[in-house]
1. Go through the stretch 45-61 residue by residue and turn each phi into a ³J(HN,Hα) via Karplus (6.51, -1.76, 1.60, θ = phi - 60°); whole Hz please, and just put x for glycine and proline.
2. Suppose every Lys and Arg Cβ carries +1 and every Asp and Glu Cβ carries -1, with no other charges. What dipole size does the chain come out with about its Cα centre, to the nearest 20 debye?
3. Restricting to lysines 8 or more places apart or on different chains, can you count the pairs in the chain with Cα atoms under 30 Å from each other?
4. Which of V15, G65, T83 sits closest to the plus end of the dipole of the chain, meaning its Cα is farthest towards the positive end, when Lys and Arg get +1 and Asp and Glu get -1 on the C-beta?
5. Amide H to amide H under 5 Å from G52: which residues, 5+ apart in sequence or cross-chain, H placed 1.01 Å off N in plane?
6. Could you give the dipole magnitude of the stretch 46-94 about its Cα centre, charging the beta-carbon of Lys and Arg +1 and that of Asp and Glu -1, in debye to the nearest 20?
7. Would you calculate the separation in nanometres between label points at L27 and L112, each defined as 7 Å from the Cα along the Cα-to-beta-carbon direction?
8. Quick one: Karplus J couplings for the stretch 11-25, per residue in order, coefficients 6.51, -1.76, 1.60, θ = phi - 60°, nearest Hz, x for Gly and Pro?
Amino acid sequence: MRKILLTAFVAVFAVIVVNLPWFDEPLMPALKALQKSQPATLDGNAYPFALGFLAAEGRDPRAAGIEIIGILQARRDKGEAATIGKEEKKQILGEPLTVDGLGAKSHRLPSLPRE
């Protein structure tokens, strides 16, 4: 019994010693830079446009998306949840376009004869 406990202790100790970072090399500067989060630039980025895609007629979708991103980033920086409610989003985007507002006309499709 003692021999088993001693063997288990030595094995655990060996695993701990082997996994200590004594022999690790420092990270390369390029990898070290990846550890710091930097926000992506919004120039030439379609993400703001996608967020503002449902903006009301006459409202710039990209500007609405940038406004939403600004609110979310400010909340994240304060340590709050980076979310936005439906009502707040509706205030930014305005009334969403309806199917009629998109110029689509609804009409009944002709039925095909059954065979």
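Taken together, the values in this text are just the output of simple stated rules run on the coordinates, not laboratory data. Quick caveat: nothing in here was measured; it's all calculated off a predicted structure. Here the Cβ positions follow ideal geometry from the backbone for every residue, glycine too, while neighbour counts run over all protein chains shown.
1. 10, 7, 4, x, 5, 5, 5, x, 4, 8, 5, 5, 4, x, 9, 5, x
2. 500 debye
3. Taking the Cα cut-off of 30 Å, the pair count is 9.
4. V15
5. Those lying under 5 Å, H to H, from G52 are G65.
6. Dipole magnitude for the stretch 46-94 comes out near 100 debye.
7. 5.8 nm
8. Calculated HN-Hα couplings, in order: 5, 5, 4, 5, 5, 5, 5, 5, 8, 5, x, 5, 9, 6, 8 Hz.
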